[in-house]
Structures are given as structure tokens and as C-alpha cells.
Amino acid sequence: MDKRLRDLAIQLRDTPSSDAVDWLMTRYPFEVENWGEALTLIDHASFSKGDARRLATHYLSRAPYASDRPYKVFAKLLGLHDLLRILSEVVPTSHPRRDLLLYHLRPLLNAAASDRDRAAASAFASTSTQSE
């Protein structure tokens, strides 16, 4: 992480959770080329559970992504169970897009450690692989 992002991360940590989420979504909308910087900043800040869900819902609404990075960042922030709950609301309906999502999620699903996470991973995978 470069100095500019480190400085932004420090500012973000000193900002109330709700304001930090608003700032991230305003500063890094999907339309800007560098919106992925938001993921770096999210990975270096803390948020209330409700604000973390709001942030995840916003950024994951465009799933699937071409890498696993967004899923790892939000799994770390929310936990696997809550990540899958949010993703279940935005699972793509087309097979290729659903397959891409599952491709990138598979390592997280397979690494589920708790009974709760394993159950959520199994339910998500079976729901996501059902035919249209």
C-alpha cells in the first residue's frame, strides 16, 4: 500500500463508521477506474456490523468479479456466513456468471471452519448450482 492509501486508511480509521462508509461509496463508486482502492481501504479499517453489511451490499451488488479479492475482503470483515447471506441476494441468474462467482468463492466455501459457516457454504453452493 502506498503512502497516499496509508494516509487515507488512517483518516478512515479516525472517522465514525457510518461516515466512513458514506465517504467510501461516494469517493469510490463503480464508475471510477480505481474503485478497487476501496477494497484496500476496507481491508485496513473497522466498521460497525450494520455499516459493514451496507458496504458489502453496495460493493457486492455487481458480483461476480473477475477475482476473489472482493469476496476475501468482505469475508474477513463480515465472516463467511454474513458474506454468503448478502451474496445470496445478488446471485447472478445466468449460468456463466453464477459459475464465475462459485469459481472464486470455492476456496472460501471449502475453508469454512465453523459448523455455521459450513452449513451456510453448503446451502449457498447447492442453491447456486441449481438449474434456472
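The values are calculated or read from the model by the stated rules, or taken from the named source; none is laboratory data. From a predicted model like this one, the values you see are computed outputs, not experimental measurements. Note: ideal-geometry Cβ built from the backbone for every residue, glycine included; neighbour counts use all protein chains shown. Side chains included, ligands, DNA and RNA excluded: accessible areas come from the protein's heavy atoms. Shrake-Rupley method; radii C 1.70, N 1.55, O 1.52, S 1.80 Å.
Using unit Cβ charges (K, R positive; D, E negative) and no other charged atoms, how large, in debye to the nearest 20, is the dipole of the chain about its Cα centre?
Computed about the Cα centre, the dipole is about 260 debye.
Taking +1 at the Cβ of each Lys and Arg and -1 at the Cβ of each Asp and Glu, which of Ser128, Thr93, Thr15 sits farthest along the dipole of the chain towards its positive end, judged by Cα position relative to the Cα centre?
Value computed over the given set: Ser128.
Expressed in nm to one decimal, what extension gain is obtained for the pair Ser88 and Asp43 from 0.36 nm per residue of sequence separation less their Cα-Cα distance?
14.0 nm
Quick one: putting +1 on the C-beta of Lys and Arg, -1 on the C-beta of Asp and Glu, what dipole do you get for region 35-77 around its Cα centre, in Debye to the nearest 20?
Working: 7 positive and 4 negative charges, 33 e Å.
My answer is approximately 160 debye.
With a cut-off of 12 Å, note down the residues of region 20-46 whose backbone N falls inside the zone around a label point 7 Å from the Cα of Lys76 toward its beta carbon.
Counting backbone N atoms under 12 Å from the label point, the list is 39-46.
Using only Cα atoms, tell me the angle between helix 17-27 and the longest principal axis of the chain; keep it within 0 to 90° and round to the nearest 10.
Roughly 90 degrees, rounded to the nearest 10.
What is the angle, in °, between the Cα long axis of helix 3-13 and the longest principal axis of the Cα atoms in the chain? Nearest 10 is fine, range 0 to 90.
80
Taking the Cα centre of region 85-132 as origin, work out the dipole magnitude from +1 charges on Lys and Arg Cβ and -1 charges on Asp and Glu Cβ, in debye rounded to 20.
Its charge dipole is roughly 80 debye.
Could you grab the relative contact order for the chain? Cα pairs under 8 Å, six or more apart, rounded to a whole percent.
After rounding, I find 21 percent.
Could you work out what % of the accessible surface of region 44-132 is carbon and sulfur, using a 1.4 angstrom probe and leaving DNA, RNA and ligands out of the count?
53
With every protein chain present, what is the per residue accessible area of the chain (1.4 Å probe, Å²)?
Solvent-accessible surface per residue comes out at 54 Å².
If you fit an axis through the alpha-carbon atoms of helix 95-110 and take the longest principal axis of the Cα set of the chain, what angle between them do you get, 0 to 90°, nearest 10?
Approximately 80 degrees, to the nearest ten.
Taking the Cα atoms of region 1-103, what is the range of coordinates along each of the three principal axes, in descending order and whole Å?
That works out to 41, 27, 20 Å along the principal axes.
Binning every alpha carbon pair distance of region 23-65 at 5 Å from zero, what are the percents per bin?
5, 21, 35, 28, 10, 1
Does region 51-90 come out rounded, prolate or oblate by the C-alpha gyration tensor, with a ≥ b ≥ c the root eigenvalues, rounded set by a/c under 1.5 and, if not, prolate when a/b is larger than b/c and oblate if not?
Note, shape of region 51-90 comes out rounded.
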